[in-house]
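**Student:** Let me begin by handing over the structure; questions about it come next.
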Amino acid sequence: MSIDQLQAETLAAIAAATSPEALEAVRVAAMGKQGSITALLKTLGGMSPDERAVNGPAFNGLRETVTAALAAKKAALDEAALNAKLAAEQQDMTLPVALPAAGSIHPVSQVMDELAEIFADLGFAVADGPEIEDDWHNFSALNIPESHPARAMHDTFYIAQSPPDAKLVLRTHTSPVQIRTMMAQKPPIRIIAPGRVYRSDSDATHTPMFHQIEGLVIDKGITLAHLRWTLETFIKAFFEVDDVVLRFRPSYFPFTEPSVEVDVGYNSKTGKPAGAGQVDKWLEVLGSGMVHPRVIEACGLDPNEWQGFAFGTGVDRLAMLKYGLTDLRAFFDGDIKWLKHNGFSAFDLPSISAGANP
Ligand code: DAH
């Protein structure tokens with residue numbers, strides 16, 4: 001076969017290849033180890049120098065032409081393959097993206113975090129206690145003896161299989177954490193104790209489980225003035241109303257003497273705690289008082305040496321007041337729609353020292 005013929009046939013085969021595999025077969029048949037052009041090039045070795053001088057450039061020209069044709073065809077086939085793939089896998093860039101579902105922070109968790117932050121700035125640590133509590137910590141040590149009517153006020157859930165020496169209850173308030181803290185650490189003490197509490201009660205404003213936060217300060221020379229300043233500072237920071245008006249009312253709790261209930265001045269038009277002149281309603285926000293000497297004594301401390309104040313309030317109620325939520329039961333329904341609407345993103349906790357942070 002003449003060189004021209006071989007070249008024409010090989011170029012025709014390259015042109016006819018419609019896939020990268022077919023083209024590769026053409027390449028192997030021409031330029032592979034056993035290929036027709038390879039065989040032709042090998043004949044150069046057996047030629048005389050004169051013959052080689054004539055045939056060498058022609059053979060090499062053939063090889064270069066075929067190599068270039070193979071490369072051009074490969075590029076064309078690759079591009080065609082890519083275009084076919086792009087056409088088949090076309091994406092509509094205007095379609096909305098399905099975002100992964102984002103969680104949110106429950107209003108109760110948000111308020112607990114806010115409270116912990118506010119009290120941390122005032123030097124309070126966070127303390128914890130068991131939700132299944134014994135009768136002594138929940139009642140007796142808090143100066144609520146067996147026959148005391150205050151026990152009936154608490155609608156207690158008793159645990160049927162309690163050990164004989166310690167009647168167990170679901171704690172009815174966070175006040176037993178006061179006892180556990182005074183028994184476990186030496187004064188001075190400054191703690192808050194947020195957590196779940198339980199009472200057998202259920203309607204629009206009561207759920208069998210709800211949240212409280214307890215506060216306790218034990219030190220030397222503590223007076224009602226310290227209590228008042230601390231509560232005012234906390235309520236101002238929490239409701240973010242600088243001139244908030246508080247009303248301190250005498251009250252009764254077995255574990256404090258004297259006992260004080262605190263009302264916050266409220267404006268029914270804005271639905272928010274308000275400053276002087278705007279108040280047309282009072283809302284009770286917490287119970288407090290000077291820790292009863294009998295409670296201090298029950299924890300093994302000398303009430304002549306150590307005094308203190310305590311306070312307790314409902315976290316759910318604080319959340320309702322601050323964020324304008326109306327039905328307490330919705331807090332615990334686990335309704336995703338309600339949570340989406342009323343939940344918080346994971347950033348942006350307010351703090352009374354926020355201004356000082358860079
Ligand atoms: N434990 C009380 C309750 O659940 C709230 C309370 C009132 C706590 C006065 C206190 C306090 O520490 O001093 O109703």
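**Student:** Return one whole number: the accessible area per residue of the chain in Å², for a 1.4 Å probe.
**Tutor:** 55 Å²
**Student:** Below 13 angstrom from the Cβ of G271, what's the summed charge of the other residues (Lys, Arg +1; Asp, Glu -1)?
**Tutor:** Working: positive: K269, K272, K281, K322; negative: D280.
That sum, taken over residues with Cβ under 13 Å, equals +3.
**Student:** So what does M209 come to for accessible area, using a 1.4 Å probe and Å² rounded to 10?
**Tutor:** Here the residue's solvent-accessible area equals roughly 50 Å².
**Student:** Could you give the distance between the Cα centres of region 207-250 and region 128-170, to the whole Å?
**Tutor:** Their Cα centres are 26 Å away from one another.
**Student:** Going by accessible area, probe 1.4 Å, with all protein chains left in place, what is the ranking of W306, W136, W229, largest first?
**Tutor:** On the way: W306 35, W136 100, W229 145 Å².
Sorted by accessible area, descending: W229, W136, W306.
**Student:** Sort Y323, Y198 by heavy-atom solvent-accessible area, probe 1.4 angstrom, most to least. Show your work: numbers first, answer last.
**Tutor:** Details: Y323 75, Y198 40 Å².
Of Y323, Y198, the descending order of accessible area is Y323, Y198.
**Student:** Express in nm, to one decimal, how much length is gained between W338 and K220 on full extension, taking 0.36 nm for each residue of separation and deducting their alpha carbon distance.
**Tutor:** On the way: separation 118, 0.36 × 118 = 42.48 nm, distance 4.68 nm.
Gain on extension, W338 to K220, equals 37.8 nm.
**Student:** So which lysines pass the test for K167, namely a Cα distance under 29 Å, with those fewer than 8 places away in the same chain ruled out?
**Tutor:** Counting by Cα, and skipping residues close in sequence, K167 has these lysines nearby: K186.
**Student:** Could you order T270, T223 by accessible surface area, starting with the largest, using a probe radius of 1.4 Å?
**Tutor:** Details: T270 95, T223 60 Å².
In descending accessible area the options line up as T270, T223.
**Student:** Putting +1 on Lys and Arg Cβ atoms and -1 on Asp and Glu Cβ atoms, find which of G221, H148, Q110 reaches farthest to the positive end of the dipole of region 107-342.
**Tutor:** Q110
**Student:** Here's another thing I want to ask about it. What are the membrane-span-like helices in the chain by this rule: whole DSSP H runs, Cα extent along the axis at least 24 Å, mean Kyte-Doolittle hydropathy at least -0.5?
**Tutor:** 49-88
**Student:** Follow-up. Probe 1.4 Å, all protein chains in place: accessible area of D155 in Å², nearest 10?
**Tutor:** Estimated to the nearest 10 Å², D155 gives 60 Å².
**Student:** Counting only residues 5 or more places away or on other chains, whose amide H sits under 5 Å from the amide H of G289 once H atoms are built in the peptide plane?
**Tutor:** Under 5 Å from the amide H of G289: V260, A310.
**Student:** When the chain is fully extended, how far beyond the present Cα-Cα distance does H148 get from W229, taking 0.36 nm per residue of separation? Display every interim value, and only then the final one.
**Tutor:** On the way: separation 81, 0.36 × 81 = 29.16 nm, distance 3.19 nm.
Between H148 and W229, full extension yields 26.0 nm more.
**Student:** With +1 assigned to the C-beta of every Lys and Arg and -1 to the C-beta of every Asp and Glu, and no other charges, what is the dipole magnitude of the chain about the Cα centre in debye, to the nearest 20? Please list the in-between numbers first.
**Tutor:** On the way: 30 positive and 44 negative charges, 101 e Å.
That gives a dipole near 480 debye.
**Student:** For the chain, what is the mean residue ellipticity at 222 nm derived from helices alone (per DSSP H run of n ≥ 4: -39500 (n - 2.57); sum divided by total residues; nearest 500 deg cm²/dmol)?
**Tutor:** Taken over the chain, the calculation gives -12500 deg cm²/dmol.
**Student:** What stretch of the chain, leaving out the sites themselves, is the longest with no trypsin sites (Lys or Arg not before Pro) in a DSSP loop having at most 15 other Cβ atoms within 10 Å?
**Tutor:** Longest site-free region, per DSSP loop and neighbour criteria: 34-219.
**Student:** Moving on to the next point. What FRET efficiency do you get for A39 and A76 if R0 is 35 Å and r is their Cβ-Cβ distance, rounded to the nearest 0.05? Kindly include the intermediate steps, with their values, before the conclusion.
**Tutor:** Numbers: r = 28 Å, r/R0 = 0.79.
Efficiency for this residue pair is about 0.80.
**Student:** Let me ask something else about it. What nm distance separates the two modelled labels at A68 and Q278, each placed 7 Å from Cα along Cα→Cβ?
**Tutor:** Distance between label points: 8.6 nm.
**Student:** Express in Å², to the nearest 10, the accessible area of E297 obtained by rolling a 1.4 Å probe over the protein heavy atoms while all chains stay in place.
**Tutor:** Here the accessible area works out near 110 Å².
**Student:** Shifting gears a bit: Label S2 and L99 with points 7 Å out from Cα along Cα→Cβ: what is the distance between them in nm?
**Tutor:** In this crude spin-label approximation the distance works out to 7.5 nm.
The values are calculated or read from the model by the stated rules, or taken from the named source; none is laboratory data. Quick caveat, the model's predicted, so the values are computed rather than measured. Note that each Cβ is placed from the backbone with ideal geometry, even for glycine, and that neighbours are counted across all protein chains shown. Protein only, heavy atoms only, side chains kept; ligands, DNA and RNA dropped before computing areas. Shrake-Rupley method; radii C 1.70, N 1.55, O 1.52, S 1.80 Å.
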